[in-house]
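Engineer: Mind having a look at this structure? Questions to follow.
The values are calculated or read from the model by the stated rules, or taken from the named source; none is laboratory data. Since the model is a prediction, treat every value here as computed from it, not as a measurement. Quick reminder, even Gly has a Cβ in these numbers, built from the backbone with ideal geometry, and neighbours come from all protein chains shown. To get the accessible areas, we keep the full protein, side chains included, count just its heavy atoms, and leave off ligands, DNA and RNA. Shrake-Rupley method; radii C 1.70, N 1.55, O 1.52, S 1.80 Å.
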Amino acid sequence: MVTKTKSNEIKITRMYNAPVQVVWDAWTDLKQVAQWWGPRGFTITTHSKDLRPGGSWKYTMHGPDGVDYPNDTQYFEVEKCAKLVYDHGGNDDQPPLFRVTVLFSEVNGKTKMEMSMTLATPEAAEETRKFIKMAGGDSTWDRLAEFVEKELSDKEKFVINRSFDVPLKLMFEMWTDPKQLSQWLSPTGFKMQFIKSDIQPGGSTFYFMTGNADLKMYGRAEYLEIEKPNRIVYTQQFCDENEKVIRHPMSPTWPETMLTTMELTEEGPDQTRVTLTWEPHGVTTSEEIETFIKSRSSMTQGWTGSFNKLDEHLSSC
């Protein structure tokens, strides 16, 4: 979640389903941080790391396009399992981009991560917000959620967050009213129509999506949990026109059944964060899990497109 303000700060808050020690280790252990640091598609090479006040972390971030980004992080405060303060983005050719403060705290066995990035001016903060969005920088914290989940449960999951400037009640309606849901849920370039819909615990939906070149795909969802206004859990499968379950029309090794967990968090009177978790469900093969793992970047692209459509739809409500 990136909070939009008129100050020179960018604030990010996330909850992780893991103890503070696990999240802290993921941040500070070199082998662990290398597995999630950076936007999707990026990797890093650490040259040196001295985690203490006055120490530094020198590393190179490698972009999916082959471009390298040297980084020299300078630490000012290090309080184990509680706080990090450092300058980010500096290297031999440029000064640091901003000062970062990260607070870690335990909430009912989970970890709350509160991050603030302080820039020189509000204008610089606004430009950085735009850059983070363009570069998919928020996916860094989604990758952290996936990493700690794998560490604790050995399950492969996909996580994506998005903050919307609307009240919690309205956002819940976007996910439970078929008329609203059909306006934005399909990927970019597709339109969605429900054949039947019963969005309640034990209920189900049957729908189809149409895209370019007369492409038509059918699907069904079964709702397992609905806790108004904060949580919805459902399974999802591809179908034929008779609602018979089939494989993914364009990816035969995609898992047959997916489990979606959608959580809504009120971050202000008119701001709601959506945390969506996607995972293979039921009996799966190693080939299907591998397909799922390799598809995280395309899943980010697909859900980002849907969330962009949701943003547009909300502006007209």
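Engineer: Could you tell me which residue of the range 61-96 is farthest from Thr118 (Cα to Cα), considering only residues that are hydrophobic (A, V, I, L, M, F, W, C) and under 26 Å from the mean Cα position of the chain (by Cα)? Full working, then the answer.
Structural biologist: Filtering the range 61-96 for residues hydrophobic (A, V, I, L, M, F, W, C) gives 61, 67, 76, 78, 81-82, 84-85.
After this cut, where a residue has to be under 26 Å from the mean Cα position of the chain (by Cα) as well, the list is 61, 67, 81-82, 84-85.
Numbers: Met61: 22, Val67: 26, Cys81: 22, Ala82: 19, Leu84: 14, Val85: 11 Å.
Step by step, filter the range 61-96, then rank; the result is Val67.
Engineer: Taking the range 27-42 as the search range and keeping residues that are under 17 Å from Arg296 (Cβ atoms) and not aromatic (Phe, Trp, Tyr), which one is most open to solvent (accessible area, probe 1.4 Å)? Give the steps one after another, and end with the answer.
Structural biologist: We begin by selecting, within the range 27-42, every residue under 17 Å from Arg296 (Cβ atoms); these are 34-42.
Checking which are not aromatic (Phe, Trp, Tyr) leaves us with 34-35, 38-41.
Numbers: Ala34: 48, Gln35: 114, Gly38: 3, Pro39: 15, Arg40: 36, Gly41: 44 Å².
Across the range 27-42, the extreme among qualifying residues is Gln35.
Engineer: Let me ask something additional. Run down Ser105, Ser182, Ser186, Ser116 and say which single residue is touching a residue at least 60 places away in the same chain (Cβ under 8 Å) and closer than 16 Å to Asp311 by Cα.
Structural biologist: Numbers: Ser105 fails: closer than 16 Å to Asp311 by Cα; Ser182 fails: touching a residue at least 60 places away in the same chain (Cβ under 8 Å); Ser116 fails: closer than 16 Å to Asp311 by Cα.
Within the list Ser105, Ser182, Ser186, Ser116, the selection yields Ser186.
Engineer: If you go through the range 262-273, how many residues are more than 15 Å from the chain's Cα centre (by Cα) and assigned to a strand (DSSP E or B)? Spell out the reasoning first.
Structural biologist: Our first condition is that a residue be more than 15 Å from the chain's Cα centre (by Cα); within the range 262-273, this holds for 266-271.
Now restrict to residues that are assigned to a strand (DSSP E or B): 266-268, 271.
Total satisfying the criteria: 4.
Engineer: Condition (residue is crowded, with 17+ Cβ neighbours inside 10 Å and closer than 20 Å to Phe206 by Cβ) applied to the range 264-276: is it met by at least one residue?
Structural biologist: no
Engineer: Which ones in the range 106-122 are under 20 Å from Asp142 (Cα atoms) and either at pLDDT below 90 or open to solvent by 40 Å² or more (accessible area, probe 1.4 Å) (or both)? Walk me through how you get there before you give the answer.
Structural biologist: As a first pass, look at the range 106-122 and keep what is under 20 Å from Asp142 (Cα atoms): 106-107, 109-117.
Residues satisfying the conditions are Glu106, Val107, Lys110, Lys112, Glu114.
Engineer: Go through the range 116-129 residue by residue and tally those that are out of contact with any helix residue (DSSP H, G or I) (no Cβ under 8 Å at 6 or more places or on another chain) and among the hydrophobic types (A, V, I, L, M, F, W, C). Step through it out loud before you land on a result.
Structural biologist: Our first condition is that a residue be out of contact with any helix residue (DSSP H, G or I) (no Cβ under 8 Å at 6 or more places or on another chain); within the range 116-129, this holds for 116, 118, 120-129.
Going one step further and asking which of them are among the hydrophobic types (A, V, I, L, M, F, W, C), we end up with 120, 124-125.
The qualifying residues number 3.
Engineer: Which residues, taken from the range 80-98, are more than 16 Å from Trp27 (Cα to Cα), among the acidic types (Asp, Glu) and surrounded by 14 or more Cβ atoms within 10 Å (Cβ to Cβ)? Before you say what the answer is, go through the steps one by one.
Structural biologist: In the first step, residues of the range 80-98 are kept if they are more than 16 Å from Trp27 (Cα to Cα); the result is 89-98.
Next, from what is left, pick out any that are among the acidic types (Asp, Glu): 92-93.
None; the set is empty.
Engineer: Moving to a separate point now. Inspect all residues belonging to the range 233-241 and state whether any of them is touching a Gly at 6+ places or on another chain (Cβ under 8 Å) and not polar (S, T, N, Q).
Structural biologist: yes
Engineer: Continuing with this model, one more query. Do the conditions hold for Leu259, that is, is it in contact with a His (Cβ under 8 Å, 6 or more places away or on another chain), open to solvent by less than 30 Å² (accessible area, probe 1.4 Å) and not in a helix (DSSP H, G or I)?
Structural biologist: Numbers: in contact with a His (Cβ under 8 Å, 6 or more places away or on another chain): yes; open to solvent by less than 30 Å² (accessible area, probe 1.4 Å): yes; not in a helix (DSSP H, G or I): yes.
Against the criterion (in contact with a His (Cβ under 8 Å, 6 or more places away or on another chain), open to solvent by less than 30 Å² (accessible area, probe 1.4 Å) and not in a helix (DSSP H, G or I)), Leu259 qualifies.
Engineer: Taking the criterion of being part of a loop (DSSP other than H, G, I, E, B), open to solvent by 30 Å² or more (accessible area, probe 1.4 Å) and in contact (Cβ under 8 Å) with a residue 40 or more places away in the chain, would at least one residue in the range 204-217 satisfy it?
Structural biologist: Looking only at the range 204-217, we keep the residues that are part of a loop (DSSP other than H, G, I, E, B), and these are 211, 215.
Retained after the next criterion (residues that are open to solvent by 30 Å² or more (accessible area, probe 1.4 Å)): 215.
Next cut, in contact (Cβ under 8 Å) with a residue 40 or more places away in the chain only: none.
Checked against the condition, which is being part of a loop (DSSP other than H, G, I, E, B), open to solvent by 30 Å² or more (accessible area, probe 1.4 Å) and in contact (Cβ under 8 Å) with a residue 40 or more places away in the chain, the range 204-217 yields no hits at all.
Engineer: Same structure again: Pick from the range 274-317 the residues that are among the aromatic types (Phe, Trp, Tyr) and either in contact with a His (Cβ under 6 Å, 6 or more places away or on another chain) or part of a helix (DSSP H, G or I) (or both): which of them is farthest from Lys179 (Cα to Cα)? Outline the logic, then answer.
Structural biologist: Filtering the range 274-317 for residues among the aromatic types (Phe, Trp, Tyr) gives 278, 292, 303, 307.
Now narrow it down to the ones that are either in contact with a His (Cβ under 6 Å, 6 or more places away or on another chain) or part of a helix (DSSP H, G or I) (or both): 292, 303, 307.
Working: Phe292: 30, Trp303: 19, Phe307: 16 Å.
Only one residue tops the list, namely Phe292.
Each row is one residue, and each column tells you yes or no for (1) at positive phi; (2) in a helix (DSSP H, G or I); (3) modelled with pLDDT under 95; (4) of a type in the set (D, E, K, R).
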| site | (1), (2), (3), (4) |
| --- | --- |
| Ala124 | no, yes, yes, no |
| Ile132 | no, yes, yes, no |
| Gly137 | no, no, yes, no |
| Trp141 | no, yes, no, no |
| Val159 | no, no, no, no |
| Met174 | no, yes, no, no |
| Gln180 | no, yes, no, no |
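Engineer: Return a yes/no flag: does the range 172-192 have any residue that is open to solvent by 70 Å² or more (accessible area, probe 1.4 Å), touching a helix residue (DSSP H, G or I) at 6+ places or on another chain (Cβ under 8 Å) and among the hydroxyl-bearing types (Ser, Thr, Tyr).
Structural biologist: yes
Engineer: Can you tell me which residues in the range 49-79 are open to solvent by 70 Å² or more (accessible area, probe 1.4 Å), of a type outside the set (D, E, K, R) and outside any strand (DSSP E or B)?
Structural biologist: Pro53, Pro64
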